[in-house]
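Just below is one structure, and these are the notes that go with it.
The values are calculated or read from the model by the stated rules, or taken from the named source; none is laboratory data. For clarity, every value in this text was computed on a predicted model and none was experimentally measured. Note that each Cβ is placed from the backbone with ideal geometry, even for glycine, and that neighbours are counted across all protein chains shown.
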Amino acid sequence: MPEQVLELTVNGRKQKKIAKPGARLLDFLRDELNLTGAKEGCGAGECGTCSVFVDGKLVKSCLMPAMKADGATIETVEGLANKGELTPLQRAFHKTGASQCGYCIPGMVMAATSALRENPFADREEIKERLGGNICRCTGYQKIFEAVELARDVMNGRLPATAIDVDEKAEKYIGANVRRLDAPSKVSGSLRYAGDMTMPGMLHMQVLRSPHAHAKILSIDTSEAEALEGVECVVTHEDVPGEDGFGVFVHDQPIMARDKVRYVGEAVAAVAAEDLATARKALGLIRVEYEELPAVFDPFEAMKPGAPKIHDYADGNLTKHIPIRKGDVENGFAEADVIIEETYSTQAVEHAYLEPEAGLAYVDHDGVVTVLSPSQNITHHRHMLSKIIAKPINKVRFIMSAVGGGFGGKEDMIYQGMLALAAMKTMRPVRLVFTREESIATTAKRHPFTTRLKVGFKKDGRITAAEMEAVADGGAYGLSTEGVMRKAAILSCGPYDIANVKVDTRGIYTNNTPSGAFRTFGGMQVQFAMESHMDLAAERLGLDPFEIRYLNAMRDGAVTHTQQKLDSVSATRVMEAAEKASNWERGVPNGRGATRSDLGGPGTRKACTLGARLAEQADHRVEEEVA
């Protein structure tokens with residue numbers, strides 16, 4: 001497909017530019033006009049971050065060929081505001097705190113602008129419908145809807161113009177609704193993320209990844225790729241001058257696979273070229289010879305004798321084992337009237353932050369290797385990279401770009417090392433931006449857990465003992481697994497005062513995609529098990545679910561199973577507030593009769609009274625009614 005000269009009007013200005021073959025409107029706006037407010041979150045028209053107006057109609061610019069925009073009038077988020085003054089809608093987004101990471105916000109502002117242009121009096125349901133093609137991973141949408149409603153009412157005169165004014169001079173910060181300092185740049189589309197950054201002479205990187213889950217690397221031949229016109233360098237593990245290993249707790253992961261690959265999608269080589277098309281073509285010219293090895297994908301299989309060994313140092317493929325003991329579990333179970341035992345499973349979960357992984361590396365005029373990326377662990381990354389590239393720490397610099405969603409998934413230095421090596425090898429800036437498919441297929445996920453939980457109860461619901469064994473699939477490399485196992489062990493018993501506890505959490509290497517940090521960091525998986533167990537116990541013992549939780553909740557002065565003394569505990573107050581806010585109707589789960597307390601059955605709601613009564617009882621016990 002030949003190049004095409006496009007003549008169009010963008011944000012009120014006539015433009016005449018060459019569109020590259022196969023370019024989308026999104027590429028043309030970003031690469032040729034430097035309008036980076038429109039983002040690429042998915043490349044498939046699903047997320048809405050690339051939304052622009054074409055001849056007045058809202059369009060997903062990642063789906064529109066650039067050539068189809070010839071002669072059109074284009075309006076991007078940068079063109080909404082007049083000479084830097086935010087529109088009422090953008091000011092309302094700022095006022096309500098509707099932007100968090102901000103990556104989705106330019107597209108969300110465009111969709112909201114379209115909604116109010118189509119119907120200036122749109123109600124919330126219509127606003128929701130019109131914003132339905134735009135995804136936000138941070139806000140929960142409520143503040144966004146509030147912002148659109150606020151702007152609507154100001155624009156219609158229902159509210160004064162001052163309703164969207166923002167007080168920039170906060171007199172206090174604790175307990176106050178303080179506006180984000182970066183909100184104006186986010187709502188206007190002027191904030192630049194790593195994938196928006198450019199530098200003169202910048203090269204583009206692409207990564208060759210393993211098609212095998214477990215295989216020896218017999219040879220890597222990069223000669224044809226290096227000979228391709230436009231290719232500046234190819235980097236492999238042989239270009240690493242220092243200690244080739246990184247990780248949050250154990251430095252077991254090489255910058256690029258060394259000797260063998262351990263999961264499908266692991267980086268094997270990277271190309272830096274004048275443009276993306278050349279870099280992608282060069283990947284197909286790299287010849288890698290593999291010898292496939294037996295692979296293991298289940299952590300329980302990985303622990304068995306004779307299972308494929310993923311890392312030589314890890315016997316039984318054990319990444320980390322955290323054991324915790326308190327009291328005498330056997331005696332505790334002997335005292336129980338009812339013992340409930342169950343196994344719970346949780347799956348791997350993709351972070352799905354709207355900003356794909358991206359970074360830009362260069363060597364500055366003083367020879368300082370500089371990496372700009374949305375790192376959530378920037379100081380640790382700097383120290384690791386210093387050892388990997390064998391440079392003193394004062395010759396390594398990390399700059400944290402705006403993070404377009406992270407949730408823990410950007411704690412790991414999975415690509416910054418490749419960028420640094422290429423920048424050092426070419427002495428030119430190098431940028432890498434993951435595709436959505438690459439991000440999903442190759443980056444860390446929430447740890448899948450299998451949790452066996454055994455808990456003993458007295459007839460009145462009091463817990464006498466708890467035993468938990470949690471096994472997590474850590475995937476091919478350690479990443480945050482050790483920390484996740486520690487947090488899972490610490491939070492395993494929830495907010496409950498249990499005298500006898502036995503907990504074992506284990507992270508296991510497999511040939512799956514590595515598992516890493518994700519919000520709740522190991523706590524969610526074990527808490528799902530414990531809270532599900534409490535509901536089962538309430539049903540078995542004929543208790544209301546709140547009742548059994550009030551009975552066992554820790555109070556001020558409690559000592560946890562990790563021997564931490566809690567001077568102040570708010571668990572019962574939180575439960576009381578939740579019970580009241582939810583209009584909870586007391587009763588036994590699945591309608592198995594009335595509660596055994598004297599507080600009424602289904603349909604009778606006396607919020608907070610049980611918590612208050614139990615708090616007054618020195619022994620925290622509930623009198624059992626006679627059935």
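Okay, here's what the table says:
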| quantity | calculated |
| --- | --- |
| Selection status of Thr113, in a helix (DSSP H, G or I) and of a type in the set (Ser, Thr, Tyr) | yes |
| Top-ranked residue in the range 316-351 [being in contact with a helix residue (DSSP H, G or I) (Cβ under 8 Å, 6 or more places away or on another chain) and over 14 Å from Val471 (Cβ atoms); ranked as surrounded by the most Cβ atoms within 10 Å (Cβ to Cβ)] | Ile324 |
| Selected residue [out of contact with any strand residue (DSSP E or B) (no Cβ under 8 Å at 6 or more places or on another chain) and among the hydrophobic types (A, V, I, L, M, F, W, C)] from Val288, Val235, Val296 | Val296 |
| Enumeration of residues in the range 129-143 that are under 21 Å from Tyr353 (Cα atoms) and either of a type in the set (Gly, Ala, Ser) or surrounded by 15 or more Cβ atoms within 10 Å (Cβ to Cβ) (or both) | Leu131, Gly132, Gly133, Asn134, Ile135, Cys136, Arg137, Cys138, Thr139, Gly140, Tyr141, Lys143 |
| Any hit, the range 241-249, residues being modelled with pLDDT under 95 and of a type in the set (Val, Ile, Thr) | yes |
| Single residue of Ala151, Ala183, Ala147, Ala227 found to be surrounded by fewer than 20 Cβ atoms within 10 Å (Cβ to Cβ) and on the phi < 0 side of the Ramachandran plot | Ala227 |
| Selected residue (criterion: surrounded by the most Cβ atoms within 10 Å (Cβ to Cβ)) from residues of the range 230-240 that are closer than 15 Å to Met256 by Cβ and touching a residue at least 60 places away in the same chain (Cβ under 8 Å) | Val235 |
| Residues being charged (D, E, K, R) and either surrounded by fewer than 19 Cβ atoms within 10 Å (Cβ to Cβ) or part of a loop (DSSP other than H, G, I, E, B) (or both) - total across the range 64-91 | 4 |
| Boolean, Leu181 is under 26 Å from the mean Cα position of the chain (by Cα), modelled with pLDDT under 95 and not assigned by TED's automatic domain parsing to the domain that holds Gly404 | yes |
| Filter result for the condition that a residue is within 25 Å of Leu276 (Cβ to Cβ) and either among the β-branched types (Val, Ile, Thr) or out of contact with any helix residue (DSSP H, G or I) (no Cβ under 6 Å at 6 or more places or on another chain) (or both), over Leu80, Leu26, Leu35 | Leu26 |
| Count - residues of the range 261-280 that are surrounded by fewer than 18 Cβ atoms within 10 Å (Cβ to Cβ), touching a residue at least 24 places away in the same chain (Cβ under 8 Å) and outside any loop (DSSP other than H, G, I, E, B) | 2 |
| Test: residue in the range 474-496 that is part of a strand (DSSP E or B), touching a residue at least 60 places away in the same chain (Cβ under 8 Å) and in contact with a Phe, Trp or Tyr (Cβ under 9 Å, 6 or more places away or on another chain) | yes |
| Residue within the range 151-169 that is at pLDDT below 95, more than 18 Å from Thr87 (Cβ to Cβ) and among the hydrophobic types (A, V, I, L, M, F, W, C) present | no |
| Residue that is modelled with pLDDT of 95 or more, surrounded by 23 or more Cβ atoms within 10 Å (Cβ to Cβ), out of contact with any Ser or Thr (no Cβ under 6 Å at 6 or more places or on another chain) and not polar (S, T, N, Q), where the choices are Leu29, Leu33, Leu8 | Leu29 |
| Qualifying position, being basic (Lys, Arg) and within 25 Å of Ala23 (Cβ to Cβ), among Lys143, Lys95, Lys128, Lys68 | Lys68 |
| Residue list for the range 204-224, filter: under 28 Å from the mean Cα position of the chain (by Cα), surrounded by 19 or more Cβ atoms within 10 Å (Cβ to Cβ) and either under 30 Å from Ala92 (Cβ atoms) or not polar (S, T, N, Q) (or both) | His204, Met205, Val207, Leu208, Arg209, His212, Ala213, His214 |
| Wholly enclosed strands (runs of 3 or more DSSP E) of the range 1-63 bearing at least 2 residues touching a residue at least 40 places away in the same chain (Cβ under 8 Å) and either in the same structural domain as Thr278 (by TED's automatic domain parsing) or of a type in the set (A, V, I, L, M, F, W, C) (or both) | 4-10, 51-54 |
